[in-house]
Amino acid sequence: MNYPQLDATISAELDKLSRYSFEVGPIRPPSEAYSLLLRVTRNCPWNRCDFCPAYKGQKFQLREVEEIKQDINTVKAISEVIEELAWKMGYGGRTRDVAGAVIQTIHYNSSVQNVALWLYFGAETAFLQDANTLIVRTPELIEVIKHLKQTLPSITRITSYARSKTAAKKSLEELRELHEVGLSRLHTGLESGSDMVLQSIQKGVTAADHINGGRKVVESGISLSEYVMPGLGGKVMSQEHALETARVLNQIDPDFIRLRSLAARNGTPLWEKVQRGEFIPLTEDEMVEEIRMFIEALECHSEVKSDHILNLIPEVEGNLPDDKANMLGVIDYYLALSPEERLNFQLGRRTGHYQSLEDMKDVGKYTRVEQMRKRVESSGNDIEIVTARIRQDFI
Ligand code: SF4
């Protein structure tokens, strides 16, 4: 590849960079957007949750420790070339200054992109992929984490996904060891604390598994982030879902509770159930009412985060118990809007005109969304159906 606008030395370094690659998995939590992504296993060993499109049709595989270590070495080599570029381009070796240019120039290489983005944002965090890293035998996982920390010492936070059931099967001693060598946080898809909901979506986990696994992680010192999926009980089990999920989380008392509202993705088993009328999804307003019921029933000390684009009201965030009244206040503000204003907000939020409820107060934005809403309605379309279709594209 030639970079005619750059001098020959720099062009040669970029060419060298573009030939590096290591394995990167398909997903990560939104909060790990700037983390280095390292694939420790491939796909999901369970892979049966009704709502989940992530790894369907893909076989689970453990990766060899030596292979993962080689990937870590490749990350190091990419970082060194970027550092060399930073010297040659006159930035005194400051990688952050050239990482942005590398992201733009070598946009076709996802490995180099990942490392450049990670360097750009400080090179401090790493996320181990894919869906359930704890399934790796503890001595092997320890070896990977140690190699990662030794090779890339700027990393101060290492996180991963883990299923509750797998966490429950590890001994407390093993989890403590993992924490001691550097595993900082686990993200778990709790989704629901209701056994009826968990069974209906084939989560393969019970409320008791969630509590056992979650409590053990908290006790080990590893930070725990639990994902909750509002709407997962549909209309029939909405209350059960909200209250049981709060009950289970009150017992776990995780560091974070992250909301990720349900949208049934075309092609998933849950989508088929919706088509057959076996699952009736909540409307946007019903979802907000369910979240209200859930937040009200929480009696723990977690930080509630709403860092997923599928959530309608991103301001429902805060530290429990202090910010509970504030979170409920935000929800009540929304629910007290007129039906037309709520539809305006839904449409504005789903089309990217609003980032928050506050944005509705911008008269220019509000008017533009209102004109759009009237156009949609006068063409015979239902706003709820239109926004549900848009949400599909967010997954
Ligand atoms: S455990 Fe996670 S990744 Fe696996 S199928 Fe369920 S939601 Fe998807």
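Just so you know, all these numbers are worked out from the coordinates, no wet-lab data involved. Predicted, not measured: the structure shown is a model, and the values here were computed from it. Here the Cβ is made from the backbone with ideal geometry for all residues, glycine too, and neighbour counts use every protein chain on show.
A few remarks follow.
- Dipole of the chain, positive direction: furthest Cα of SER378, VAL144, GLN346, with charges on the beta-carbon: VAL144
- Computed from point charges on the beta carbon alone (+1 for Lys and Arg, -1 for Asp and Glu), the dipole magnitude for the stretch 162-336 about its Cα centre is near 720 Debye.
- Extension gain, THR9 back to SER110 (0.36 nm per residue minus Cα-Cα distance, nm): 34.0 nm
- Amide H contacts for ARG258 (H built 1.01 Å from N in the peptide plane; partners 5 or more residues away or on another chain; cut-off under 5 Å): GLU226, TYR227, VAL228, LYS305.
- With a simple spin-label model that places each label point 7 Å from the Cα along the Cα-to-Cβ direction, the separation between GLU341 and HIS301 comes to 3.8 nm.
- Dipole check for the stretch 1-139: with +1 at the C-beta of Lys and Arg, -1 at the C-beta of Asp and Glu, and the Cα centre as origin, the magnitude is about 460 Debye.
- Whichever aspartates and glutamates have a C-alpha closer than 14 Å to that of LYS324, once near sequence neighbours (fewer than 8 apart) are set aside: GLU296, GLU299, GLU303, GLU315, ASP332
- For the chain, calculated [θ]222 nm from helices alone, where every DSSP H run of n ≥ 4 adds -39500 (n - 2.57): -15500 deg cm²/dmol
- Calculated from backbone phi, Karplus (6.51, -1.76, 1.60) coupling profile of the stretch 266-279 in Hz, x at Gly/Pro: 3, x, 7, x, 5, 4, 4, 5, 4, 5, 7, x, 8, 9
- Cβ-based exposure ranking for MET229, MET89, in which fewest neighbours within 10 Å come first: MET89, MET229
- For the stretch 317-331, backbone phi angles converted through the Karplus equation (6.51, -1.76, 1.60; θ = phi - 60°) give residue-by-residue couplings of 9, x, 9, 8, x, 4, 9, 4, 4, 5, 4, 5, x, 4, 5 Hz, Gly and Pro being listed as x.
- Of TRP271, TRP118, TRP87, the sequence from fewest to most neighbouring Cβ atoms within 10 angstrom is TRP87, TRP271, TRP118.
- Taking the C-alpha atoms only, the angle from helix 95-105 to the longest principal axis of the chain is near 70 degrees.
- Cysteines without a disulfide-compatible neighbour (Cβ-Cβ under 4.7 Å), the chain: CYS44, CYS300
- Cβ-based net charge around TRP87, under 12 Å, with every Lys or Arg adding one and every Asp or Glu removing one: -3
- For the residue pairs LYS235/LYS273; LYS16/LYS76; LYS76/LYS149; LYS56/LYS216; LYS235/LYS365; LYS69/LYS149, the C-alpha atoms sit more than 22 angstrom apart in LYS56/LYS216; LYS235/LYS365.
- Rounded, prolate or oblate (a/c below 1.5 giving rounded, otherwise prolate when a/b exceeds b/c) for the stretch 162-336 by Cα gyration tensor: oblate
- Restricting the trypsin sites (Lys or Arg not before Pro) of the stretch 77-160 to loop positions (DSSP other than H, G, I, E, B) with no more than 14 neighbouring Cβ atoms within 10 Å leaves ARG94, ARG137.
- Our summary gives the stretch 162-336 a relative contact order of 20 percent, counting only alpha carbon pairs under 8 angstrom and 6 or more residues apart.
- Of LEU17, LEU224, LEU36, the one that fluctuates the most in a GNM where the chain has Cα springs shorter than 10 Å: LEU17
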